Each structure stands twice: as structure tokens, then as C-alpha cells.
2 protein chains.
Amino acid sequence: MSRTLTQKEVFLLKSLQTRHGRKRSDRCLCEGARCCGELLKSCPDLVELIVCRDDFAIESSAAEIVRVPGHQMAKLSAAETPPGILIVARRPPATVPELPSDPFALVLDCISDPGNFGTIIRTAKAAGLQEIWYTDGSADPFGDKVIRSAMAAQFTMKLWNMSDLTAVKNSLSQFGYKNFYRTDPHQGDSCFELPELFERSAVIIGSEAHGASDLKGAIPVTIPMPGNFESLNAAQAATIFIFEYVRRQCVTNVIQ
Amino acid sequence: MSRTLTQKEVFLLKSLQTRHGRKRSDRCLCEGARCCGELLKSCPDLVELIVCRDDFAIESSAAEIVRVPGHQMAKLSAAETPPGILIVARRPPATVPELPSDPFALVLDCISDPGNFGTIIRTAKAAGLQEIWYTDGSADPFGDKVIRSAMAAQFTMKLWNMSDLTAVKNSLSQFGYKNFYRTDPHQGDSCFELPELFERSAVIIGSEAHGASDLKGAIPVTIPMPGNFESLNAAQAATIFIFEYVRRQCVTNVIQ
């Protein structure tokens, strides 16, 4: 027997679209067919409630499915085009860093734009990375826009939050990571030529407006830009580094 | 002597935020300090009117500067955070393809998301490319969101619009471009290993939801994804191809 959403559920869905509402909750919101599909596939145990438009085709035993009319769906979503499906999920609990498994540590410093932060998570996941370090001042990795941009990849990665780059460095140093490369739009060796770039090292991506914060002993590294056009979007810069890592693995035949 | 905006100017600014309004106009809208700064630097002759918040610091002889109070600025912009400056500019006239100067042709097929389309233009510009081919079904390259994402790079590139991939192929073939590579998330040789990928060839980027359209004789090429996670965002895929081209140029010492 089908039912409608309770007032409490409607309130929760709306509050999860606000930063304040998310802070007070251990739940998060996933929107759209592809994004929800990934979440249902990868982490069905985190799914609490599935809400979909009455004509949306879905089968899932992960959680209860509540069907709503299209006009209600439009009110429940912040997206310009209302999605056919929404999921309320539990946030994976925050963890403290343990021995990383990635050969290099991807560090995001104050990436506050939710779209960029999510896109970087998605790209890192596609590249086979398992961990991301990020500093205070970054977007909330379980905000609705970040989840949408990441296609729910954050649910299956280890995301480690630290206060600042010094804290990241202290933590990574304990695990034997030696070199700290700070991406810089204007100075440093080329990312395509540094042989040790991904060997027990950290690659720090900063926001495009301010660059990465200062970090004592960090080595600048740059992306060659023959077009000489201001800087790249932060997510594009991260993508170039991440897939330079993939390319080197391919070339040395780690990946076939 | 300072003046206020005329009703006609306010109407124009608002109409340029809509697809319909842009279609009827040969003007376009550029928003934000960095984006407008690029436009003023690269194409001052296209600038018609500069509108800025009363406390915004600017000096320019490109066009008349009209200062408005903050609350009016918020109404003139579609952006969540109202910018300090807006520019009304003439669109560069559409041109028909002439002999391309880029060694490979970057072709965008139905990239309808304005943010992705703009980010790809910006990235191509940073890489030193001068031309982009795009098919019907793509976003309007002079829409406000596309200009913002591209940091106004479209004003200094040649953007060639064709009805579909067959028309692009016919045109490029006339200029001696031989191979047509269609990016594919699942099949084809690796983009890191095809030696002729950028030699008088076309690289076709499709939308992430649908991939590139079918094109007779096109060769599939793929980005290795060790993480085995659905597909990459279209702008990330384009970035990986564009900077693989830059990398190869660096390695062969074309760029120092």
C-alpha cells in the first residue's frame, strides 16, 4: 500500500538543502537517476528513504520507496530541473587518517566551490584513488551539490578532513610521505616532467582564486599553459594531475 | 557627471539572461571581476557598456561606466552572489571555417551544459588552441553562464558551428584532416598510447549522458579509468585530451 511523505520527512528533505540543516543532521541528500543509481549500487546499507516521481521506474529493496506527484518533487529539490528520484542517506561516519593506500596523496586546500569539489572527487574515484585529504574552508563533501557533482563517489572513498595544510603534512609525514608539491599557476617544474611527482608524495590543489596556502618546505609544480591564459579551473587542474598519474601507471604497464 | 541606467538598458540586461532574449540580440553579457577583466584586456572594442556596483574600483576607457547601488546589481544578475561588475558586449560575428591553425581539431558534440561548454573553452584557450568546432545541440557559446565558465575566452577564439558531426567531418576533410577520433567511455585504444591522436585529426567529445553521436568511419578512443567508476564529466574528459596534447608538445620540446 503506497503512502505519502510525512511532514517530518518533508521538513528533513528541505533542511538538507541548507548548510545549517546539514550541520544539524547526520543525513544527506542524493538527487537524480544516475547519482542515486550509483549510491544504491555502492552503498545500499546507507540508504534510508527513496522518494520518486509517481511515473519513475525503480526497483530497490534498499529502503522504502515513497512516490510523489511531479509538482511536489519540484518543491523538494533545489535543482533547476527537478529530478525523478531523491534519496535520504546516512553520512558515512568521519574517520581519522590511517595508513593510506594511494601511492600519492591528493590534498584539496580550501576548495569551497561545491561543483569543483564534487567533480574532483568523481575524477579521483574514476582514476582509482581511494583517499582524499581536504582542509577546513572546503565545501561540505556531503552537501547536495557536491554529491551530485561527484555522482555519489564520496560514499565509497576515504575523505580526511584536517584544519590546514600543516596538519595534513604532519599526518602524512607520519605515514612516510616525503615530498609536498604545491600546484602553482606560474612557477615550478612542469607536472609532466617531475619523475618523483607521485612517489610517496602529496599533490596539493588550491582554489583558483587564491592558489594553495603557504606550506613550509612545499615544492611548487606547475601545469604548462602554452595559451598563456590566466589560470585553469581548480577541477581542471586537479584532473590534469590525477590523469598524469594514471598515464604514468599505464606507461609502466601497471594498468593494461 | 554620473547617470543611472535607462529603462531600455535594464530591459536589455535582463533579456540577455534568457535564451530567447539572447537569440533576438547581437549582444551578450559578461559578469564578475575576473571575467570582465579578461574581456576588457582582450577585446575592449567589443565592450558597449560597463555597469558596476557603486563601490567597485575600476578604470577603463573601453566604454561608458554606469554605477548602480548594490540592491540594483542583485536584480541585474542571475548569479547567486551578485557580481561587482557587468559588461554588455557585442558578440563577435559568426564565421565560416577557414584553414584551421591547430594541429588537431577539438570538436564538441551536443555539449548542452553551459558550465561544461564554458570550462572546455577556457581549458582549450589555456592550452593554446585557437579553434573549436561544435554541433547544434550544444549550449550557446555567448550565453552568460558559458561566458562566466570560460572566463571570456570565447571572445578570442574561433568557434565554428555546424549542424552535426557529418558536416564537421566534411569541412575538416577539405582542410586535409584525416582521422576522426570519437571519445568513448568503454571502448577504443587508450588516449595515452595512440601516436597519431593529434596529427591532422579531430578529437570528438560527446555529452557524458549520451556520448558522441555516431559518425561513419570514426575511431573510438578511450581514457583509461582504473577506478572503473561510470564515466567522467564531459569537461574533465575534454581536459584530459587537451592536456595530453600539451604534454606531447612539451615532451617533444615544442614548448619549453
Report whether or not A:Leu215 is aliphatic (A, V, I, L, M), modelled with pLDDT under 95 and within 26 Å of B:Ile120 (Cβ to Cβ).
-> no
Exactly one condition in (1) modelled with pLDDT under 95; (2) surrounded by fewer than 15 Cβ atoms within 10 Å (Cβ to Cβ) is not met by B:Asp45; state its number.
-> (1)
If you go through B:Phe192, B:Phe180, B:Phe175, the only one that is touching a residue at least 24 places away in the same chain (Cβ under 8 Å) and within 14 Å of chain A (Cβ to nearest Cβ) is B:Phe192
Residue count, region B:195-226 (criterion: of a type in the set (Gly, Ala, Ser), touching a residue at least 24 places away in the same chain (Cβ under 8 Å) and out of contact with any Asp or Glu (no Cβ under 7 Å at 6 or more places or on another chain)) = 5
Contacts under 9 angstrom Cβ, first residue in region A:108-134 being facing another protein chain (nearest Cβ under 10 Å) and open to solvent by less than 20 Å² (accessible area, probe 1.4 Å), partner assigned to a loop (DSSP other than H, G, I, E, B) and of a type in the set (Val, Ile, Thr), 6 or more apart = A:Ile120/A:Ile111; A:Ala126/B:Ile223
Return the residue satisfying two criteria in turn: it lies in region B:212-254 and is more than 8 Å from chain A (Cβ to nearest Cβ) and part of a helix (DSSP H, G or I), and of such residues it is most open to solvent (accessible area, probe 1.4 Å).
-> B:Arg248
Can you name the condition, by its number, that A:Arg34 falls short on among (1) touching a helix residue (DSSP H, G or I) at 6+ places or on another chain (Cβ under 8 Å); (2) surrounded by fewer than 18 Cβ atoms within 10 Å (Cβ to Cβ); (3) touching a residue at least 60 places away in the same chain (Cβ under 8 Å)?
-> (1)
Inspect region A:72-82 for any residue being β-branched (Val, Ile, Thr) and in contact with a strand residue (DSSP E or B) (Cβ under 8 Å, 6 or more places away or on another chain) and give the result as yes or no.
-> no
For region B:152-184, the count of residues that are open to solvent by 60 Å² or more (accessible area, probe 1.4 Å) and farther than 30 Å from B:Ile87 by Cβ equals 6
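The values are calculated or read from the model by the stated rules, or taken from the named source; none is laboratory data. Remember, it's a predicted structure, so these values are computed and weren't measured experimentally. As a convention, Cβ positions derive from the backbone with ideal geometry for all residues, glycine included, and neighbour counts pool all protein chains shown. Calculation scope for accessible area: heavy atoms of the full protein, side chains included, ligands and nucleic acids excluded. Shrake-Rupley method; radii C 1.70, N 1.55, O 1.52, S 1.80 Å.
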